[in-house]
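Data first, discussion second: the structure below is written as structure tokens.
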Amino acid sequence: MMDSGHSISPSECLLRMYEEHHEIEDYQKGVPRWCTGCGDNAILAAIQRLCRDEGLLPEKTVFVSGIGCSSRLPHYMNTYGFHGIHGRALPVAEGVKLARPELSVFVNTGDGDCCSIGAAHWIHAVRYNMNMTMMLHDNQIYGLTKMQASPTSPIGLKSNTTPRGSYLEALNPLTVTLGISNVSFVAQVVDWIPEVLYQVISAAYHHKGFSFVRIIQRCPEWLPKLMEPWLHDPQRVLMLHHEDGVEISPAVAKVYTRMEEHDPSDMNRAREIASSIDPIPTGILYRNEEVPCYEDVRLDGRLRTASLVKQGLEAEFDKFTVWPDASGQA
Amino acid sequence: MDGKIQDYITFFLTGRLDGGSLMPMDPVYRPAAFGPYSDLTSLRYDFPLVLNRADAGRALQSLSHLVDDAVADLADDPERDRIARHGYAIEMDLRRELDVSGSGDFHELWHAASDRLSKEREDAIKDSADLLWNLFNTEGIILDAERSVPFRAVRHLWSAVQADKAKDFRRKTERLLLKLRGILNAEVANSATGRAPEALRAGVGAGFTNAFDFTGMSKILMDSKPISALSDGRRQRIRDLIEVLEGQKFFSLGNEEAATYEFAFECSSEALKAYKERHAEAVSLTRALKMAELEAAGEYRERMHDRIFEGFGERGLGFEDLAELPDYLVCAEADELDAQESSGIVEMLSAGIPVKIIVRTDDALQPSPVAEGHANLGGRSKSLVDLAIGLADVFVLQAGASQLFKERDGLVRGLSYTGPSLFSVYSGSGKESKGIPAYLASAAATESRVFPSLTYDPSAGHDWSSRMSVGNNPSPEDDWPDHRLRCQNSSLQAETVSAPFTPADLMATDARYFNRFAIVPDGADDEGLVPLNDLKDFELEGLPEEVPYIMLVGEDNRLRKAVVDLRTLTEVRRCLAMWHSLQELGGIHNSHAERLLAKERSERALDVTVSEAPLTVAVTVGETATAEPEEVEDAIAEPVGDDPFIETARCTSCDECIQINGKMFAYDENKQAYIADPDAGTFRQLVEAAEGCQVSIIHTGKPRNPNEPGIEDLIKRAEDFQ
Ligand SMILES: Cc1ncc(C[n+]2csc(CCOP(=O)(O)OP(=O)(O)O)c2C)c(N)n1
Ligand code: SF4
Ligand code: SF4
Ligand SMILES: [Mg+2]
């Protein structure tokens, strides 16, 4: 009854009436072991809100992660989840999606998990462009292992592995992602503006393709002062908005007055915006719905029936068969 | 009064040939507009048609369009002109061949024609024929306009639509069966039997039986065996579903031996009987499809779904429910319809049965069965079509056979429509129109508006003009399309005569109505004669001064005038009135809209400035009025008096305040904090929470208990959080 062109039968209508509805608490499992004040809590809340608002069925939803504080997220979701091995969240998620394309797949990873040990998978996942949503919880530190510099740590950051301050310029996950072929969705948010966080995750979920969302996340345990200048000065956040991107509510606009209208189809401007570290740009930087998804290109829609599998195997075996009576052929 | 004119008027009023100023109608005369079409085989037009074995969108093709499209595809070929010439020659030859044989295999006939021509003319024709053939990408039967065309074409399209449905059904059912069997198989694999040593050994294959310790393996697997098995109810339900899906006879599932039902019928009673007999099975299959879909997705909940499916179909099924199953096809001949068959058709159309009915009219000029000698223009089709449109959810398409190619999209739409459809097609091959090729007769019926093209599509919108369309008729805006004939007058001067093709012209081709026309002899002047076209508003109010005539042409190719009698003029006017109401329903010349427009125009002309001024004011008022509530709704909550509050929309759910006092602070439905009870804790807790909140959105308000220990200091600390 939503689209006027197509009507449904009474029985279909009845079936829809009995569809299940969930509240936010239905998606919650256990008590998060994150430190109080940790930005991961905000991300979890936004995700649970999305699940409720989209009516995602817990048994049709999967959260996949690697290792790290951020990667504990699947434990707190009352859905399917896979707490994998360090850096390998993406290959696991890709396998899930290939085998069960009908599931909603989310990936939660950290800056260490994604940008150091898992960097190779990150690049290829962007190129594969499978329909899933990846959230990079970027607290610019290895949190779980108690404060080692990560590739996104700002230069000069003192940590357990860089007692004299880190030597290298930080890696910029946005410019890296935008440079990979087949990139189809890139966004950035900060964990402390919940409304925009929710809107961006929601847009990422609705995008058909691989959505990369970098979330600048506070780690009050190890870096309590790191984000403070940005937290206390709304002018240091640049709100990207557009009718095809995030639309900023009057409430948010009242506090965050620095804005730029940015069309997410404009790759050149997206790259310029991505390189800005201060102010922090938030919103959708780039979106391209035209990039094909690997699962669509790869799967031909044929059912994998026993006979089809057998047929394929026979064809392979035939290549190695020597026919005893056909002496001329081998 | 001139004796000649008296004769004219007598014939006009009575049909009697008194006097001698007029001559009786002779079969050698044909409507003047037919003049250029004496040999159709030398012209290029939509026919012959090709019943292409392809999906519905490409299933109906026209030879001349195929050739044109193929030639267009050769845009870059240097030989293009020569190939095109060869193509047209083969097309012409084929058309001549079909004029005799009627129909045949397209591939065979195309190449036979090319062989003939290459022998007569040049060898290269064969190469062109092959090249064009490959570009056609078409195979099947080719047929000329003949009596069977309406049935064959519609049935062919129906089959194509059913084939698409069958493909969807097969894909869906195979997927569901795979899933359902998978659920049962998984249970077996996970059970004690599935993990017993023998089962494991059988799963590995003969070559490796000694390589594994199956008993040991089985022991490990037994320990990790999932405890949950299928409930008895679910297992039985899945088995039942598999049985229904495998046993259905509505579509072939690729197994050629399994018998499937026939859905094409010659008459409505047979179709209705079959429908009723199979109804219970149709309900059970539809139910099984819906249940299996839920089962396969793991979404079947006995608690609620059992109830829905127990009573499924008790009150009949809707069109949407039946849309996945095949549609019934009934091919009926309008001229043969008896009362029983007609009521059967109406019953099927009105009872919500997914039926596609094609009614073929061979005689569009049937004499009226009630009024002696009157013509029933449009034949039985008209009343059936009117009735079907009146039922409101029947898709209706009426057209002459000559229009079929042009109407192909409409035909496919009607055949794909979820619900009953009626197609009424005039073949142009009545016994009475002998000597006139079917194509020409049918085109003439369309042009004269005796058998106009119309489509009534209930799914196209809610009002008449979106549902009804008459745009496929020639010159749909006019009363009749105008034919301009170039000829020589008696003084050998070239002149152009306008000859619209009216129902009277059509009747002049039919021997049953010859007595309504009388030929004006050569040499008579125009006195007392006026073209029928000019008497469209004629009312008999006294002795007429002029009588209507139409133009005919004889075998000598000379134009003749024929006086038309009053009965015919009245019938022409009735036919035109019906055409006008069709035009109006189809959104052409809407009388109501035209009246409104005229009124609006005259009012606007009265005073432009006055009407514009208040309008501007109204807009401004409206804008400010709507802007206000929006702002109120979205604004951040401001402190109300001295109460503490949180800017909830900015809360990052960080748990900080909740950890301090889970009764004072709580999360809302979006998991964002608000002050649940300001009295559930101390002012100290409020201040500490405000200090701890990293996004500084907790506002402490004024202390509620002025006697709280250390209150002075707390009030100071709270100053930043007001
Ligand atoms: C293969 C492997 N190498 C190293 C580790 C140790 N280790 C655990 S978590 C982690 C870094 C996590 O950092 P990040 O991904 O940023 O997550 P955060 O805790 O900051 O959310 C490391 C190096 C490991 N678990 N596995
Ligand atoms: S260590 Fe940092 S990232 Fe990890 S839970 Fe604590 S605050 Fe969060
Ligand atoms: S401390 Fe602030 S951000 Fe954290 S839960 Fe409370 S109100 Fe929300
Ligand atoms: Mg980290």
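Here are the numbers for this structure:
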{"item": "Efficiency of FRET between A:Arg269 and B:Glu139 - r from beta-carbon atoms, R0 30 angstrom, step 0.05", "result": "0.05"}
{"item": "For chain B, convex hull volume per residue from C-alpha positions, Å³", "result": "360 Å³"}
{"item": "Within 10 Å of each Cβ in B:646-653, the average number of Cβ atoms from other chains", "result": "6"}
{"item": "GNM result for chain A, Cα springs below 10 Å: residue of A:Leu313, A:Leu226, A:Leu57 fluctuating most strongly", "result": "A:Leu313"}
{"item": "Loop-located trypsin sites (Lys or Arg not before Pro) in region B:384-437 whose Cβ has at most 12 other Cβ within 10 Å (DSSP)", "result": "B:Lys431, B:Lys434"}
{"item": "A:Glu228 versus B:Val530: modelled label distance in nm, points set 7 Å from Cα along the beta carbon direction", "result": "10.2 nm"}
{"item": "Hull-based mean projected area of region B:645-721, where the convex hull spans the alpha carbons, in square nanometres", "result": "4.4 nm²"}
{"item": "Charge context of B:Glu122, other residues only, Cβ under 15 angstrom, K/R +1, D/E -1", "result": "-2"}
{"item": "Selection of trypsin sites (Lys or Arg not before Pro), region A:138-217, meeting DSSP coil and at most 10 other Cβ within 10 Å", "result": "A:Arg164"}
{"item": "DSSP H segments from chain B that extend 24 Å or more along their own axis, Cα-based, with Kyte-Doolittle mean of -0.5 or above", "result": "B:149-190, B:268-296, B:566-585, B:608-634"}
{"item": "Choice from A:Glu23, A:Glu314, A:Glu247 showing the highest fluctuation, given a GNM over chain A with Cα pairs closer than 10 Å", "result": "A:Glu314"}
{"item": "With 20 Å bins from 0: P(r) over chain A, alpha-carbon pairs, percent", "result": "29, 53, 15, 4, 0"}
{"item": "Contour minus Cα-Cα distance for A:Arg258 and A:Leu308 (0.36 nm per residue)", "result": "12.1 nm"}
{"item": "Averaged over B:670-679, number of beta-carbon atoms from partner chains that fall within 10 Å", "result": "3"}
{"item": "Order of B:Met664, B:Met222, A:Met132 under a 10 Å beta carbon neighbour criterion, fewest first", "result": "B:Met222, B:Met664, A:Met132"}
{"item": "Stretch gain in nm, segment B:Asp81-B:Ala192, where the contour uses 0.36 nm per residue and the Cα spacing is subtracted", "result": "32.3 nm"}
{"item": "Order of A:Cys38, A:Cys115 under a 10 Å beta carbon neighbour criterion, fewest first", "result": "A:Cys115, A:Cys38"}
{"item": "Within chain A, longest stretch free of exposed chymotrypsin sites (Phe, Trp or Tyr not before Pro) [DSSP loop, at most 16 other beta carbons within 10 Å]", "result": "A:168-319"}
{"item": "Proximal charge balance of B:Met304 [Cβ under 12 Å; K/R count +1, D/E count -1]", "result": "-2"}
{"item": "Per-residue Cβ neighbour rank within 10 angstrom, fewest leading, B:Arg235, A:Arg16", "result": "A:Arg16, B:Arg235"}
{"item": "Distribution of pairwise C-alpha distances over the protein assembly as shown, 10 Å bins, in %", "result": "2, 8, 12, 14, 14, 14, 13, 10, 7, 4, 2, 1, 0, 0"}
{"item": "Sites B:Leu485 and B:Glu541 - FRET efficiency at Förster radius 35 Å, r taken between beta-carbons, to 0.05", "result": "0.60"}
{"item": "Tensor-based shape of region B:48-144 (alpha-carbon gyration tensor, a/c under 1.5 rounded, otherwise prolate or oblate)", "result": "oblate"}
{"item": "Principal-axis tilt of helix A:306-318 within chain A, Cα atoms, nearest 10 degrees", "result": "70 degrees"}
{"item": "Residue-averaged beta-carbon neighbours from other chains (10 angstrom radius) around A:34-46", "result": "5"}
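A short reminder: the numbers here are calculations on the coordinates, not readings from a lab. Fair warning: this is a prediction, and the values are worked out from it, not measured in the lab. Here Cβ is always computed from backbone atoms with ideal geometry, including for glycine, and neighbour counts include all displayed protein chains.
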